[in-house]
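K.L.:
First, the structure itself, so that you have it in front of you.
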Amino acid sequence: MTGLLTALQFLTAIPISAKHSEDKDMARSIVYFPIVGLSIGLIAALCAKTMMALDINEFAINGLLVVILIIITGGLHLDGLADTFDALVSGKTRDEMLNIMRDPHIGTMGVLALASTLLLKFSFLFCVEAQAKGAVLVLMCVLSRWSMVAAMAAFPYARKEGKARLFFEGTDRIKLILATLFTVAIAAAIFGMRGIVIFAAVAIAAYIFGRIVSRKIGGMTGDTLGAMSELTEIVALFGICALKGVLP
C-alpha cells in the first residue's frame with residue numbers, strides 16, 4: 001500500500017503523506033503508475049459526466065477537463081514538458097541542457113510547447129463523442145503513466161543524483177511486465193482492438209521520444225518523464241480520433 005501512496009504522491013497533487021517512504025517503497029511504487037493513471041482518469045471522467053448532467057456546453061466541458069487534469073497533477077508534467085523543450089532545443093551541450101532543466105525560468109520554446117500541448121488536448125477532446133469522453137480520459141491517463149514505466153526500464157537516468165534516480169534504479173523487467181499487462185487489459189477492456197492499436201502507437205512514440213532525449217542528454221530525467229506523459233496523452237487522443245470508425 002505504501003508503494004501506491006508513494007506513486008500517488010509523486011504523480012499527483014492529491015494531498016497524501018508518504019514522507020517516510022523508504023527507498024524500497026519508491027522502487028515498488030513504479031508498478032502502480034498505471035493504476036494512478038486509472039485513478040486520475042476516473043476522477044476526470046466523473047467530472048465530465050457531472051458537467052454533462054448539468055447540461056454545460058460541450059466546448060466549456062473540454063476546456064474545464066484540460067484544467068481539471070492540470071489541477072489533479074499539480075501541473076507537474078507540464079512543468080517537465082516546458083523544461084524539456086527549453087533544454088532540447090537550446091543547442092547547448094549535455095551538461096548545459098541538464099542545467100537548463102533545473103532553471104526555474106521558462107523560455108520561448110517551453111511556452112510554445114505548453115501552448116501547443118494544451119491546444120491539442122482541447123482540440124482532440126472536442127472530437128470525442130460525449131458518451132465516450134469518460135472512457136477516453138481513462139485510457140489516455142493509463143497509457144501515459146505506463147509510458148513513464150517503459151521509459152525508466154528502457155533508458156538510464158541522465159543525472160548522477162536527483163529525486164527520480166530511485167525510481168529508475170527500482171525499475172526491473174517484472175515491474176514493467178506487470179504494468180504492461182494491467183495497461184493492455186485496460187486498453188482492451190475499454191476499446192477492444194482499437195485500444196490495443198493505440199497502446200502500440202503510444203509505445204512506439206514513447207520509445208522514439210526516449211531515444212531522442214537519450215542521444216542529447218545521455219538518458220532520461222524527471223522532467224523528460226513528465227514531458228513523455230504529456231506527449232503520450234496527445235498520441236493516445238490522436239489515435240482515438242484517427243481510428244474512429246476504422247476499428248470497432
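K.L.:
Report the normalised scattering of region 33-241 as log10 I(q)/I(0) at q = 0.12, 0.14, 0.18 Å⁻¹, calculated by the Debye formula with identical scatterers on the alpha carbons.
P.N.:
-0.59, -0.80, -1.26
K.L.:
Residues of region 209-225 with amide nitrogen under 15 Å from the 7 Å Cα-to-Cβ point of Lys92?
P.N.:
Only 216-218, 223-224 pass the distance filter.
K.L.:
Assuming 0.36 nm per residue, please report the length gained on full extension of the stretch Ile177 to Val66 beyond their Cα-Cα distance. Each step should come with its number before you reach the end.
P.N.:
Numbers: separation 111, 0.36 × 111 = 39.96 nm, distance 3.02 nm.
Going from the current span to full extension adds 36.9 nm.
K.L.:
Okay, next question. What's the center-to-center distance, using Cα atoms, between region 30-89 and region 194-248 in Å?
P.N.:
16
K.L.:
Under a 5 Å amide H to amide H cut-off, with H placed in plane at 1.01 Å, what residues pair with Met220 once short-range neighbours are removed?
P.N.:
Tyr157, Ala158
K.L.:
Sticking with this one: Each label point is 7 Å from the Cα along the Cα-to-Cβ direction; what then is the distance between the points at Gln131 and Ala53, in nm?
P.N.:
For Gln131 paired with Ala53, the spin-label model returns 1.8 nm.
K.L.:
Measure up Lys92/Lys121; Lys133/Lys175; Lys49/Lys133 against 20 Å on the Cα-Cα distance and list the ones that go over. Mind showing how you got there, number by number?
P.N.:
Numbers: Lys92/Lys121 30 Å; Lys133/Lys175 30 Å; Lys49/Lys133 9 Å.
With Cα atoms farther than 20 Å apart: Lys92/Lys121; Lys133/Lys175.
K.L.:
Calculate one ³J(HN,Hα) per residue across region 77-92 by plugging θ = phi - 60° into the Karplus curve 6.51 cos²θ - 1.76 cosθ + 1.60, and present them in order as whole Hz with x for glycine and proline.
P.N.:
6, 5, 4, x, 4, 4, 4, 5, 6, 4, 6, 5, 9, 6, x, 8
K.L.:
Now for a different question. For the residues Ile35, Ile217, what sequence is obtained by ranking on other C-beta atoms within 10 Å, fewest first? Before the final figure, lay out the partial values.
P.N.:
Working: Ile35 20, Ile217 23.
In increasing order of surrounding Cβ atoms, one gets Ile35, Ile217.
K.L.:
Sort the following peptides by mean Cβ neighbour count (other Cβ atoms within 10 Å, averaged over residues), highest first: 186-196, 130-140.
P.N.:
Numbers: 186-196: 18.2, 130-140: 20.5.
Highest-to-lowest ranking by the protection proxy: 130-140, 186-196.
K.L.:
Given +1 on the Cβ of Lys and Arg, -1 on the Cβ of Asp and Glu, and no further charges, what dipole in debye does the chain carry about its Cα centre, rounded to the nearest 20?
P.N.:
Numbers: 21 positive and 18 negative charges, 103 e Å.
About 500 debye.
K.L.:
Mind checking the angle between helix 58-73 and the chain's longest principal axis? C-alpha axes, 0 to 90 degrees, to the nearest 10.
P.N.:
Computed tilt is about 30 degrees.
K.L.:
Rounded to the nearest 0.05, what FRET efficiency is calculated for Arg211 and Ile14 with R0 set to 25 Å and r the Cβ-Cβ distance? Each step should come with its number before you reach the end.
P.N.:
Numbers: r = 32 Å, r/R0 = 1.29.
The computed FRET efficiency comes out at 0.20.
K.L.:
Output the 0 to 90 degree angle, nearest 10, between the alpha-carbon long axis of helix 2-11 and the longest principal axis computed from the alpha carbons of the chain.
P.N.:
Helix 2-11 sits at roughly 80 degrees to that axis.
No value in this document is a laboratory result; all are computed from the given coordinates. Just so you know, these numbers come straight off a predicted model, no measurement behind them. Positions of Cβ are backbone-derived with ideal geometry, glycine not excepted, and every protein chain shown enters the neighbour counts.
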